[in-house]
Amino acid sequence: MSEVDPTNDMWAEFLDPSKPDPVLEHEEAEMLSRARSTLQQPELWDGPSAGARDRLLSQARQEKPDVVSLASARSRRSRPMMAAAGLVAAAAAIIAVFVLPAGQTPVPTGTTYEVAGGSYLPDAIADVTVDPLANGVKLVITLDDIPAAEAGTYYAGWLMGPDGTVPVGSFHARGTGDVRRVSLWSGTETEDYPMFMVTLQNEGEPLTPSDRIVLQGSVAG
């Protein structure tokens with residue numbers, strides 16, 4: 001428990017006019033005298049003047065907060081939920097348009113190039129449609145007679161040019177149907193990396209092109 005400061009009693013005795021003044025040092029006496037003089041002023045204990053009170057009330061009325069009814073608050077709260085529900089419905093409509101059954105996938109737009117089979121699948125053939133967009137180059141591969149990658153493996157797409165090799169995505173080709181299309185993306189232009197290649201990769205190995213080349217060909221010019 002904290003101790004009581006003895007100067008508190010000294011203040012109380014000095015400010016109480018019914019008690020004699022305590023013996024104080026000169027500086028203490030002056031400080032306490034000023035305090036008592038201030039506290040004895042009648043205007044200190046009066047309420048605010050009528051003019052000040054009116055000004056305060058007027059300011060309070062001008063700054064009155066906007067009181068919203070419960071029904072209005074519920075209506076406002078429901079608007080974001082309705083908007084979210086609308087977005088979900090719109091997303092469902094988009095999915096219904098673009099996720100189509102095998103054999104009914106939309107024809108890609110852009111410039112189409114035919115690429116041939118590589119050393120791993122010399123009889124393979126595919127079309128690659130190059131579609132430059134605002135955020136990158138979309139590469140759509142139309143697969144034909146490309147076997148599905150076995151468990152533990154996958155296909156990887158690459159663009160190659162004088163400055164090196166750029167990965168553009170991966171897929172497994174395990175879909176069904178007569179026509180299978182795969183969309184890949186590149187952050188580089190095909191004019192700078194004109195050679196397209198697909199390799200068969202093993203999961204867990206470093207991300208560099210393997211020597212099992214499935215498709216290859218030019219996608220520029």
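Bear in mind these aren't lab numbers, they're just calculated from the coordinates by the rules spelled out. A quick note: this is a predicted structure, and the numbers were derived from the prediction, not measured. Ideal geometry is used to build each Cβ from the backbone, glycine not excepted, and the neighbour counts take in all protein chains shown.
The amide H of Ile125, built 1.01 Å from its N in the peptide plane, has Asp144 as neighbours under 5 Å, considering only residues 5 or more places off or on other chains. Calculated FRET efficiency, Glu191 to Arg212, Cβ-Cβ distance, R0 = 25 Å: about 0.35 to the nearest 0.05. Residue separation of Ser33 and Ala151 scaled by 0.36 nm, minus their Cα-Cα distance, works out to 33.0 nm of gained length.
If R0 is taken as 22 Å, the Cβ-Cβ distance between Ala134 and Ala220 corresponds to a FRET efficiency of 0.70. For a paramagnetic label modelled on Asn202 (point 7 Å from Cα along Cα→Cβ), amide N atoms under 11 Å away belong, within region 133-153, to 153. For Ser186, Ser119, the sequence from fewest to most other C-beta atoms within 10 Å is Ser119, Ser186.
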